[in-house]
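Chemist: I'd like to ask you about the structure that follows.
The values are calculated or read from the model by the stated rules, or taken from the named source; none is laboratory data. The structure presented is a predicted model; accordingly, all values stated were derived computationally and were not measured. All Cβ positions, even for glycine, are placed from backbone atoms using ideal geometry, and neighbour counts span all protein chains on display.
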Amino acid sequence: MTRPPADVPPSGEVLNRAQVEQTAATIVAMQEPSGAVPWTPGQHTDVWNHLESAMALMVGDQREAAERAFAWARATQRSDGSWPMKIVAGHVEDHSGESNMSAYVAVATWHHWLVARDEAFVRSMWPTVRRALDFVVALQLPFGGIAWSQEWHDGEPGTVNAEALLAGSSSIYHSLRAGVALAGLVGEPQVEWELAGGRLGHALREHRDLFLDKSTFSMDWYYPVLGGAVRGAAAHELLAERWDTFVVPGLGIRCVSTNPWVTGAETAELVLALDAVGDRGRALQLLADMQHLRTDDGSYWTGYVWPDEVNWPGEQTTYTAAAVILAVDALTGGTPGADIMRGTTLAPDFAEIGLECGCTSADGSGEGVAGVARRTA
């Protein structure tokens, strides 16, 4: 039985400030002494969700905990710029490096800058950001997408998994815009990131059929919008295409189209995507709808299986709490970081130049990579 939708308060604030800070405190409670933020106590840490939690901690007035999380990221980055995919209590469980996870350090660092305006902190993170995005850009495929991961063998980088994930590459597009913004802040322009961003943005807008088919997952539906590559009328059309497939009124959105299971993190991310394209009404309603996942201590269940009327799995996850905090911040303008997904403070969209897919560049110039490099040197 579908639960009735929560009421949206007249102020448009689904959660008030005290509730946001309460939820941030639940993330701190699960943070390990090393600074790592695992999914839940005893589970693994991956750097993407870890950094999403760090961003939420900045919003929730937990700067010291957030900066311990950033310090963990600096300490655990490998020489090639990547992080192990899974770390459990300080021990690497999966050595492979995933491109979108590594790239996200740029978004988190830019978000810290927006909230704290601490240039010294940005400069302390800049070498980590630079190595991470250099690693990611090196994995770009001929059609513009980014290879999703690289294996590690005997302590060294190994085989590249040379296929691209649509959601992961969409997140990387967001990260490249944040990285270029950081590069401008520290005075170290990164032309290769801009070129890679142009090719990637084109692939996300025009060649989504060349990415791995993960179309049963809601993330593949909304992430090109959330990551910023698809905006305007095209974004509204894309979100309309599968709205009825994934959105369950009164509950949130499905993680996978084939399962009767709504998840809080995906719902909050769709809220952020809707806010980014100006669809504030539906964003507010969805955020209100998923509050049935909130517990009395401010943490959030991962998801809910509605035929059984049960929360599943039986855990409250840091990444769900973090996504909710960022969604609330976006809708209320609670901090200067509220714009992080709308992206108006990021580097502008990249020019489509140096394309290898056979398409004409967006401006019709046909200018290649070498010409752009000369022009921007």
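Chemist: Please work out if W152 is closer than 25 Å to E266 by Cα, in contact (Cβ under 8 Å) with a residue 12 or more places away in the chain, in contact with a Gly (Cβ under 9 Å, 6 or more places away or on another chain) and in a strand (DSSP E or B).
Modeler: When the stated conditions are applied, W152 does not pass them.
Chemist: A follow-up question, please. Taking the residues in region 176-195 that are among the aliphatic types (A, V, I, L, M) and over 14 Å from W113 (Cβ atoms) as candidates, determine which candidate is surrounded by the fewest Cβ atoms within 10 Å (Cβ to Cβ). Please lay out each step first, then the result.
Modeler: Our first condition is that a residue be among the aliphatic types (A, V, I, L, M); within region 176-195, this holds for 176, 178, 180-183, 185-186, 191, 195.
Pick out the ones that are also over 14 Å from W113 (Cβ atoms) and you get 176, 191, 195.
On the way: L176: 30, V191: 15, L195: 21.
Once the filter is applied, the top-ranked residue is V191.
Chemist: Within region 239-272, track down each residue that is out of contact with any Pro (no Cβ under 9 Å at 6 or more places or on another chain) and among the aliphatic types (A, V, I, L, M).
Modeler: L239, A240, V247, I253, V256, V262, A265, A268, L270, V271, L272 - these are the residues of region 239-272 that are out of contact with any Pro (no Cβ under 9 Å at 6 or more places or on another chain) and among the aliphatic types (A, V, I, L, M).
Chemist: Another question, if that's okay. Looking at (1) modelled with pLDDT of 95 or more; (2) β-branched (V, I, T); (3) crowded, with 24+ Cβ neighbours inside 10 Å, which one does T40 not meet, given that it meets all the others?
Modeler: (3)
Chemist: Additional query: What are the pairs with Cβ atoms under 8 angstrom where one residue, in region 166-189, is within 11 Å of L346 (Cβ to Cβ) and touching a residue at least 12 places away in the same chain (Cβ under 8 Å) and the other, located anywhere, is hydroxyl-bearing (S, T, Y) and outside any helix (DSSP H, G or I)? Sequence gap at least six, or different chains.
Modeler: These pairs meet every condition: S175/Y104; A181/T345.
Chemist: What number of residues within region 244-276 are touching a strand residue (DSSP E or B) at 6+ places or on another chain (Cβ under 9 Å) and farther than 23 Å from A178 by Cα?
Modeler: Residues in region 244-276 being touching a strand residue (DSSP E or B) at 6+ places or on another chain (Cβ under 9 Å) and farther than 23 Å from A178 by Cα: 18 in total.
Chemist: Give the residue, chosen from T245, T295, that is within 19 Å of T320 (Cα to Cα) and either surrounded by fewer than 19 Cβ atoms within 10 Å (Cβ to Cβ) or out of contact with any Ser or Thr (no Cβ under 9 Å at 6 or more places or on another chain) (or both). Full working, then the answer.
Modeler: Numbers: T245 fails: within 19 Å of T320 (Cα to Cα).
Of T245, T295, the one residue that is within 19 Å of T320 (Cα to Cα) and either surrounded by fewer than 19 Cβ atoms within 10 Å (Cβ to Cβ) or out of contact with any Ser or Thr (no Cβ under 9 Å at 6 or more places or on another chain) (or both) is T295.
Chemist: Please find, among W48, W72, the residue that is closer than 23 Å to A138 by Cβ, modelled with pLDDT of 95 or more, assigned to a helix (DSSP H, G or I) and among the aromatic types (F, W, Y).
Modeler: Just a single option satisfies the conditions, and that option is W48.
Chemist: Out of S53, S124, S79, S102, report the one residue that is in a helix (DSSP H, G or I), surrounded by fewer than 22 Cβ atoms within 10 Å (Cβ to Cβ) and either polar (S, T, N, Q) or modelled with pLDDT under 95 (or both). Break it down into steps so the answer makes sense when it comes.
Modeler: On the way: S53 fails: surrounded by fewer than 22 Cβ atoms within 10 Å (Cβ to Cβ); S79 fails: in a helix (DSSP H, G or I); S102 fails: surrounded by fewer than 22 Cβ atoms within 10 Å (Cβ to Cβ).
Residue meeting the stated conditions: S124.
Chemist: Output the residues belonging to region 82-97 that are outside any loop (DSSP other than H, G, I, E, B) and either surrounded by fewer than 24 Cβ atoms within 10 Å (Cβ to Cβ) or without any contact (Cβ under 8 Å) to a residue 24 or more places away in the chain (or both). Spell out how you get there, then give the answer.
Modeler: Kept after step one, since they are outside any loop (DSSP other than H, G, I, E, B), are these residues of region 82-97: 86-88, 91-94, 97.
K86, I87, V88, H91, V92, E93, D94, listed by residue number.
Chemist: If you don't mind, there's one more thing I want to ask. If I ask for residues that are small (G, A, S) and either in contact with a strand residue (DSSP E or B) (Cβ under 9 Å, 6 or more places away or on another chain) or not in a helix (DSSP H, G or I) (or both), which ones from region 223-233 would you list?
Modeler: G227, G228, A229, listed by residue number.
Chemist: For region 21-37, which positions are crowded, with 23+ Cβ neighbours inside 10 Å and either in a helix (DSSP H, G or I) or of a type in the set (S, T, Y) (or both)?
Modeler: T23, A24, I27
Chemist: Which one of the conditions (1) more than 19 Å from the chain's Cα centre (by Cα); (2) not small (G, A, S); (3) not in a helix (DSSP H, G or I) does H236 fail to meet, given that it meets all the rest?
Modeler: That leaves (3) as the condition not met.
Chemist: Go through the residues of region 190-212 one by one and say whether even a single one is in contact with a strand residue (DSSP E or B) (Cβ under 9 Å, 6 or more places away or on another chain) and outside any helix (DSSP H, G or I).
Modeler: yes
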